[in-house]
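Some notes on the structure that comes next.
The values are calculated or read from the model by the stated rules, or taken from the named source; none is laboratory data. Fair warning: this is a prediction, and the values are worked out from it, not measured in the lab. Heads up, the Cβs are rebuilt from the backbone with ideal geometry, glycines too, and the neighbour counts pull from every protein chain shown.
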Amino acid sequence: MKRLLDFSISFVGFIVISPILMVTALLIKATAGSPLFYRQERVGLNGKIFKLYKFRTMVVDADKVGTSVTTKHDSRVTPTGKFLRRFKLDELPQLINVLKGDMSFVGPRPDVPGFADRLQGEDRIILTVRPGITGPATLKYRNEEALLAAQADPDKYNADVIYPDKVRLNREYVKNQSFLGDMRYLLMTVFGRPFHE
């Protein structure tokens with residue numbers, strides 16, 4: 001049922017927002033050149049690796065310089081990228097991932113292989129569901145970039161504080177997931193409502 005809803009909504013959504021996708025692609029091409037998309041390996045359902053799609057918001061090869069996390073005032077983010085990230089427009093291509101079945105609308109955010117490898121014991125329950133575009137951890141850390149920018153060592157703070165808390169939230173989501181709960185997270189995402197545990 002969830003997969004059917006994901007496919008139906010993403011299919012219709014892709015058609016509806018196609019003009020926005022085209023304008024965004026043209027804007028990136030005109031101001032930052034190619035490539036238009038950023039593709040990154042992520043860990044999905046049952047540990048399967050897939051390519052996650054986003055509009056490119058940073059300079060080319062940004063992952064080879066700077067920290068492994070992105071902060072609010074990251075110099076690697078292009079001017080156009082700042083606008084896209086502010087309104088979450090860079091996330092729109094993930095509708096492709098939902099259509100393909102790599103992702104769901106609601107679920108734990110998919111980690112890169114290095115972080116997913118840290119999941120041990122009960123935490124590996126997170127890999128038994130499709131990762132999502134939004135969910136409790138995503139909502140709680142909606143302002144993650146600003147939070148990291150305020151830290152002396154963003155990488156360490158992410159590894160020691162944010163990541164373990166996200167794992168906890170995602171583990172609890174998988175254990176207690178429901179249709180009504182997913183609808184709640186979707187509405188909170190759309191209307192920008194804060195997450196309260």
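Observations, loosely collected:
- Residue in segment 146-163 that is more than 15 Å from the chain's Cα centre (by Cα), of a type outside the set (Lys, Arg) and more than 30 Å from residue 60 (Cβ to Cβ) present: yes
- Residue match in segment 5-27 (condition: among the polar types (S, T, N, Q), surrounded by 15 or more Cβ atoms within 10 Å (Cβ to Cβ) and more than 17 Å from the chain's Cα centre (by Cα)): yes
- Test: residue in segment 161-178 that is part of a helix (DSSP H, G or I), in contact with a His (Cβ under 7 Å, 6 or more places away or on another chain) and of a type outside the set (Lys, Arg): no
- Considering (1) touching a Gly at 6+ places or on another chain (Cβ under 6 Å); (2) part of a loop (DSSP other than H, G, I, E, B); (3) of a type in the set (A, V, I, L, M), the lone condition that residue 127 does not fulfil carries the number (2).
- Taking first residues from segment 133-147 that are within 14 Å of residue 87 (Cα to Cα) and partners that are of a type in the set (Gly, Ala, Ser), the Cβ contacts under 9 Å between residues at least 6 apart in sequence or on separate chains come to 142/192.
- Residue in segment 70-92 that is closer than 13 Å to residue 167 by Cα, buried (at least 21 other Cβ atoms within 10 Å of the Cβ) and acidic (Asp, Glu) present: no
- Residue 83 passes every criterion in (1) within 13 Å of the chain's Cα centre (by Cα); (2) closer than 18 Å to residue 192 by Cβ apart from (1).
- Count of residues meeting criterion [of a type in the set (D, E, K, R), out of contact with any strand residue (DSSP E or B) (no Cβ under 9 Å at 6 or more places or on another chain) and touching a residue at least 60 places away in the same chain (Cβ under 8 Å)] in segment 80-131: 0
- Complete set of residues in segment 98-136 that are more than 14 Å from the chain's Cα centre (by Cα), surrounded by 15 or more Cβ atoms within 10 Å (Cβ to Cβ) and basic (Lys, Arg): none
- All positions within segment 34-58 that are more than 20 Å from residue 99 (Cα to Cα), surrounded by fewer than 18 Cβ atoms within 10 Å (Cβ to Cβ) and either among the acidic types (Asp, Glu) or without any contact (Cβ under 8 Å) to a residue 24 or more places away in the chain (or both): 34
- Of all residue pairs spaced 6 or more apart or on separate chains, those with beta-carbon atoms under 7 Å, a first member in segment 59-76 that is in contact (Cβ under 8 Å) with a residue 60 or more places away in the chain and within 13 Å of residue 158 (Cβ to Cβ) and a second member that is of a type in the set (S, T, N, Q) and part of a helix (DSSP H, G or I) are 69/158.
Table: residues versus (1) over 29 Å from residue 75 (Cα atoms); (2) in contact with a Leu (Cβ under 8 Å, 6 or more places away or on another chain); (3) modelled with pLDDT of 95 or more; (4) part of a loop (DSSP other than H, G, I, E, B).
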{"residue": "109", "(1), (2), (3), (4)": "no, no, yes, yes"}
{"residue": "137", "(1), (2), (3), (4)": "no, yes, yes, no"}
{"residue": "145", "(1), (2), (3), (4)": "no, no, no, no"}
{"residue": "158", "(1), (2), (3), (4)": "no, yes, no, no"}
{"residue": "187", "(1), (2), (3), (4)": "yes, no, no, no"}
